[in-house]
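Colleague: Got a structure here, written out as structure tokens. Questions coming.
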Amino acid sequence: MQLLALADAQAVAAAAAERLLQARQAQPQRPLGLATGRTMVPVYAALRQQLGRLGSQQQRQIRADWLSFNLDEYVGLGPHDPRSFKAFMAGQLQAPLGLRPEQVLLPDGLAADPQAEARRYGAALAVAGGVGLQLLGLGLNGHVGFNEPPCSAEAPCRCLTLSAATRTQNAGAFGGDPEAVPAQAITLGLAEILAAGQILLVVTGASKAAILKRALQEPPCPEIPASWLQHHPRLEVVADQAALGAFLQGPGPCR
Ligand code: GLP
């Protein structure tokens, strides 16, 4: 594992965006794995900015080659619902970069059979060659994507029930009401995430310090889904001082 400690969320976003653009240029044939959440807002802002500074030929090439698969989507929310991850990605990347909808893929939250949609989405990712670089945020309960604890390292793309903790964490986008957060979601599993060529875990803010320390230092276990990332041969963690507080000052590994 490589750990890059940076001063603040802005520096983290710039480093993450650099890596995403590098991956698009170095491996245009492998799709990117993308994530949503508040952590990613400055990351996509930095990506738009950095892309705009490239030469026009490079920009055209990146846009023409773009293919990304997002991690997850709420069941029951469609593209026209501003709270859907589809709408988030349309606003953050697809529209500003002038990409076609089929270049920025997510599971269909309105599919009549969400479990079948999860199988279809996982299969589509496999046909596309699997993720090259996977961008990940970190849930307060240790989830990545929507892989809620307990979760095995072999869990595939599937429809699952969200935990109370996650619905509370994400209530902000739903008027602050955890009950208004959809009860289910479709998510890529740890199986697809761990099969990525590289993983970039981006973590900012003091609220994530305790779970980040556990995810990186405790022996991998189902109760902390992000801890399975320790098994990946090319994991890079980019975090700010606030998120690394416990890590840098703490008593050391808890094993
Ligand atoms: C959400 C998403 C995750 C995201 C995480 C952190 O529920 N499903 O992919 O990484 O929670 O969100 P935030 O960045 O808002 O803290």
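Colleague: Using 0.36 nm per residue of separation minus the Cα-Cα distance, give me the extension gain between A7 and V41 in nm, one decimal.
Modeller: Values: separation 34, 0.36 × 34 = 12.24 nm, distance 1.75 nm.
Length gained, A7 through V41: 10.5 nm.
Colleague: Could I ask something else about it? So what is the calculated 222 nm ellipticity per residue for the chain, using -39500 (n - 2.57) for each DSSP H run with n of 4 or more, over all residues, to the nearest 500 deg cm²/dmol?
Modeller: -10500 deg cm²/dmol
Colleague: Quick one: length gained pulling E102 to A128 fully straight, 0.36 nm per residue minus the C-alpha distance? Present the calculation step by step, with values, prior to reporting the outcome.
Modeller: Details: separation 26, 0.36 × 26 = 9.36 nm, distance 1.24 nm.
Full extension from E102 to A128 adds 8.1 nm.
Colleague: In debye, nearest 20, what is the charge dipole magnitude of segment 2-249 about its Cα centre with +1 on Lys and Arg Cβ and -1 on Asp and Glu Cβ, if you could check? Mind dumping the intermediate values first?
Modeller: Details: 19 positive and 19 negative charges, 139 e Å.
Charge dipole of segment 2-249: 660 debye, to the nearest 20.
Colleague: Find the eigenvalues of the gyration tensor of the Cα atoms of segment 106-169, then list the square roots of 5 times those eigenvalues as equivalent ellipsoid semi-axes, largest first, in whole angstrom.
Modeller: Working: eigenvalues 89, 51, 23 Å².
Values for segment 106-169, descending: 21, 16, 11 Å.
Colleague: Tell me, what does the Kirkwood hydrodynamic radius of segment 2-249 come to in angstroms if you use every pair of distinct C-alpha atoms? Display every interim value, and only then the final one.
Modeller: Values: mean 1/r = 0.0556 Å⁻¹.
For segment 2-249, the Kirkwood estimate is 18.0 Å.
Colleague: Take the alpha carbon atoms of segment 17-80, find their center, do the same for segment 193-240, and report the distance between the two centers in whole angstrom.
Modeller: 21
Colleague: Go through G245, A17, L200 and say which Cα lies farthest out towards the positive end of the charge dipole of the chain; charges sit on Cβ, +1 for Lys and Arg, -1 for Asp and Glu.
Modeller: Going by the Cα projections, it comes out as A17.
Colleague: Percent relative contact order of the chain, based on C-alpha pairs within less than 8 angstrom and at least six residues apart?
Modeller: 25
Colleague: Once both labels are modelled 7 Å past Cα along the beta-carbon direction, what's the A112-A206 spacing in nm?
Modeller: Distance between label points: 5.2 nm.
Colleague: Can you quote the Å³ per residue value for the convex hull of the Cα atoms in segment 132-196, rounded to an integer? Spell out each step's value before the answer.
Modeller: Numbers: hull volume 5.2 nm³, N = 65.
Per residue, the Cα convex hull of segment 132-196 comes to 80 Å³.
Colleague: A follow-up question, please. Among DSSP bridges having both ends in the chain, what percentage is antiparallel? Round to the nearest 5. Each step should come with its number before you reach the end.
Modeller: On the way: 9 of 29 bridges.
For the chain, the DSSP antiparallel bridge percentage is about 30.
Colleague: If r is the Cβ-Cβ distance from R60 to E179 and R0 is 30 Å, what FRET efficiency results, to the nearest 0.05? Spell out each step's value before the answer.
Modeller: On the way: r = 46 Å, r/R0 = 1.53.
Approximately 0.05, to the nearest 0.05.
Colleague: For T161 and D81, what does the FRET efficiency come to when R0 = 25 Å and r is the distance between their Cβ atoms, rounded to the nearest 0.05? Could you put the intermediate results ahead of the total?
Modeller: Numbers: r = 20 Å, r/R0 = 0.79.
After rounding to 0.05, the efficiency reads 0.80.
Colleague: From Cα pairs below 8 angstrom and at least 6 apart in sequence, can you work out the relative contact order of segment 153-255, rounded to a whole percent? Show your work: numbers first, answer last.
Modeller: Numbers: 142 pairs, mean separation 28.6, N = 103.
About 28 percent, as a whole number.
Here, each number is a calculation from the coordinates, and none is a lab measurement. Bear in mind the structure is a predicted one, so any value in this text is a computation, not a measurement. Cβ coordinates were reconstructed from backbone atoms using ideal geometry, including for glycine residues, and neighbour counts include every protein chain displayed.
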